[in-house]
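Colleague: Okay, handing you the structure first.
The values are calculated or read from the model by the stated rules, or taken from the named source; none is laboratory data. Being a predicted model, the structure only gives us computed values, none of them experimental. In this analysis, Cβ positions are derived from the backbone assuming ideal geometry, glycine residues included, and neighbour counts consider all displayed protein chains.
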Amino acid sequence: MNELFDVNKFIGKSSKWLNGNGKNSDIIISTRIRLARNLRGFRFTNCPVNKELEEIIDSVKKAIVNSDFINEMEFIKLHSISDLDREFLVERHLISPFCAKMNTPRAIFIGKGEFYSIVINEEDHLRIQSIQSGLDVENAWENIKKIDDVLKENVRYAYTDELGYLTACPTNTGTGMRVSFFCHLPGIVLTKRLEEFLDKWIPAGITVRGFYGEGTDAMGNIFQVSNQITLGISEKDTIAKIKNVAKRFVQFEKESREKLMNEDRIQVEDKVERAKAILQNAKIIPSLEFMSLLSAIRLGVDLKILKRIQRKILNELMIIVQPAHIQKFKGKKLNELERDILRAEIIKSKINF
Amino acid sequence: MICQICNKNPANIFFTIIVNNAKREIRICKKCADEKGLANPLGGIPFIIGEIIFGMAEEKIKEMDDSQVSQKDIKCEKCGLTYKKFKESKLLGCELCYETFKQDLKVILRRIHGNNRHITAETKNSLSKDKEILKLKKELNEAIKKEEFEKAAHIRDKIKFIEKNE
């Protein structure tokens, strides 16, 4: 474990879970599980006592140092790095925006390839996260369980038989587990069948988050689906439920894409080619516009309209052209216009049309 | 249209979540979206979703009979969290809060999860109750010997909690 770990080491490296390889990765970008845990006897971070928070960081550190994970983990004290560095970690999905803004002692352990991480003293004392490429709940669960088991042997969790894991927010009480996946649904959105699909096929206890409405594909047609209930349902059943829902999304999106290609092929090709032309030639690309263009490019790759582009590059771009990443890459603070110009350059250098 | 979070700036991001088949439309401005972590479609599950789910549970609670939910001004002995502050922040202050606000939490948890008892496939738990209490009692004696009374009180709280809850 490197005590003096520097966020800069991440620049230029991309998270391994973006490799675009997993099952159904044409539709499901990634699968994530996170567990919320608190340590017995310490106040939650909502009523913080700095001495206790330091103690929590130390005891988790001790647990990790004594485990097999130690050789592949990086440790960062989040309160001693800059705002920009924390923003950078937010963009990499390692910490939440909420965590970036707190000012109490907190830290993160980051596993090899960023497949898993442990955030200490966020909303709960521990937030353990595991991410996989594509639809892969099994491996995400297997990985996170190993970490949870190691910690369980070394620290005492706040847990009762009646209520399970006691979390700061009652929405996480019980298993403390949130299973989610990100999916790219241009077919369902473009055929305007999202409402119909959600009404008919999504069971209660599932939360779907997405941006749509006026500017339809403004946010890249990306949706996040997760379990809502953590109490009264076992970990195993939650996983099965999310897997089942994911399969419905995949099937309906596939059908929608087929429908699109059968009925509106020329419009789809036009959309893809226009996006390509802009990305190849534009000098200024704002981040929202990029998400929308990227969605069209991704659809073009999936439908084999664009044959030379690798999905992995598109996944990586989603992360590395975000504001903090661009600034870390350049090594200095940049204003919005400067970032939009640099974004256009990075995209051109990365995508091989 | 005005942002639903700050009630000031014009809303230009439309955001929809579906919770329990109920659709919630949220219209917010770019600034609030950035602050709440909603601007990045790939970001983590934002805190606001927790707030919305909680809010929906609360709406239902309000419809219920007053006798079912206590309105008393209770306060957690360990962390000092008041019921009012819990309602505002939607966050509890410590594990003992689960004991302090037990009556209300029963209702709130049922409203959020449709259930208020934990189910797990796992049986493996860290230390057994007796072993853990024995260990803590040893720590307690030592703390008293060293006249570390603050620490001793802390350990005594832990023992009480375990004896009561497991």
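Colleague: Scan region A:96-120 and report the pairs whose first residue is within 15 Å of A:Asp68 (Cα to Cα) and whose second residue is part of a loop (DSSP other than H, G, I, E, B), with Cβ atoms within less than 7 Å and a gap of 6+ or a chain change.
Modeller: Matching pairs, first to second residue: A:Phe109/A:Met73; A:Ile110/A:Met73; A:Ile110/A:Leu94; A:Gly111/A:Met73; A:Ser117/A:Leu94; A:Ser117/A:Gly111.
Colleague: Can you tell me which residues in region A:37-88 are within 13 Å of another protein chain (Cβ to nearest Cβ), aliphatic (A, V, I, L, M) and over 26 Å from B:Lys90 (Cβ atoms)?
Modeller: A:Ala63
Colleague: Would you check if A:Asn46 is in contact (Cβ under 8 Å) with a residue 60 or more places away in the chain, of a type in the set (S, T, N, Q), more than 30 Å from A:Gly331 (Cβ to Cβ) and surrounded by fewer than 19 Cβ atoms within 10 Å (Cβ to Cβ)?
Modeller: So A:Asn46 does not fit the description; no.
Colleague: Quickly run through region A:249-295 and pick out the residues that are among the β-branched types (Val, Ile, Thr) and outside any helix (DSSP H, G or I).
Modeller: A:Ile284, A:Ile285
Colleague: Going by the conditions given, is A:Glu142 facing chain B (nearest Cβ under 10 Å) and without any contact (Cβ under 8 Å) to a residue 24 or more places away in the chain?
Modeller: no
Colleague: Before we move on, is A:Ala100 outside any loop (DSSP other than H, G, I, E, B) and touching an Asp or Glu at 6+ places or on another chain (Cβ under 7 Å)?
Modeller: Here the answer is yes, as A:Ala100 does meet what is asked.
Colleague: Still on this structure, I have one more. Can you find, within region A:221-245, the residue that is surrounded by the fewest Cβ atoms within 10 Å (Cβ to Cβ) among those that are facing chain B (nearest Cβ under 7 Å) and under 14 Å from A:Ala204 (Cβ atoms)?
Modeller: The residue in question is A:Gly232.
Colleague: Mind listing just one residue for me: the one in region A:319-334 that is under 16 Å from A:Leu288 (Cα atoms) and without any contact (Cβ under 8 Å) to a residue 60 or more places away in the chain and, of those, surrounded by the most Cβ atoms within 10 Å (Cβ to Cβ)?
Modeller: In this case the residue turns out to be A:Val321.
Conditions (1) within 25 Å of A:Arg274 (Cβ to Cβ); (2) in a helix (DSSP H, G or I); (3) modelled with pLDDT under 90, marked per residue:
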site: A:Ile297; (1), (2), (3): yes, yes, no
site: A:Gly300; (1), (2), (3): yes, yes, no
site: A:Leu306; (1), (2), (3): yes, no, no
site: A:Ile309; (1), (2), (3): yes, no, no
site: A:Ile313; (1), (2), (3): yes, yes, no
site: A:Leu317; (1), (2), (3): yes, yes, no
site: A:Ala324; (1), (2), (3): no, yes, no
site: A:Gln327; (1), (2), (3): no, yes, no
site: A:Lys332; (1), (2), (3): no, no, no
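Colleague: What is the number of the single condition among (1) modelled with pLDDT under 85; (2) part of a helix (DSSP H, G or I) that B:Lys106 does not meet?
Modeller: Every condition holds for B:Lys106 apart from (1).
Colleague: How many residues are buried (at least 20 other Cβ atoms within 10 Å of the Cβ), polar (S, T, N, Q) and in a strand (DSSP E or B) if we restrict to region A:125-168?
Modeller: Qualifying residue count, region A:125-168: 4.
Colleague: Going by what's in this entry, would A:Arg193 be described as in contact (Cβ under 8 Å) with a residue 24 or more places away in the chain and facing another protein chain (nearest Cβ under 7 Å)?
Modeller: No, not satisfied.
Colleague: Go through (1) basic (Lys, Arg); (2) modelled with pLDDT under 90; (3) over 18 Å from A:Ile144 (Cβ atoms) and name the single condition A:Lys112 misses.
Modeller: With respect to (1) basic (Lys, Arg); (2) modelled with pLDDT under 90; (3) over 18 Å from A:Ile144 (Cβ atoms), A:Lys112 is out only on (3).
Colleague: Among the residues that make up region A:174-187, is at least one of them part of a strand (DSSP E or B), facing another protein chain (nearest Cβ under 9 Å), touching a Gly at 6+ places or on another chain (Cβ under 6 Å) and modelled with pLDDT of 90 or more?
Modeller: yes
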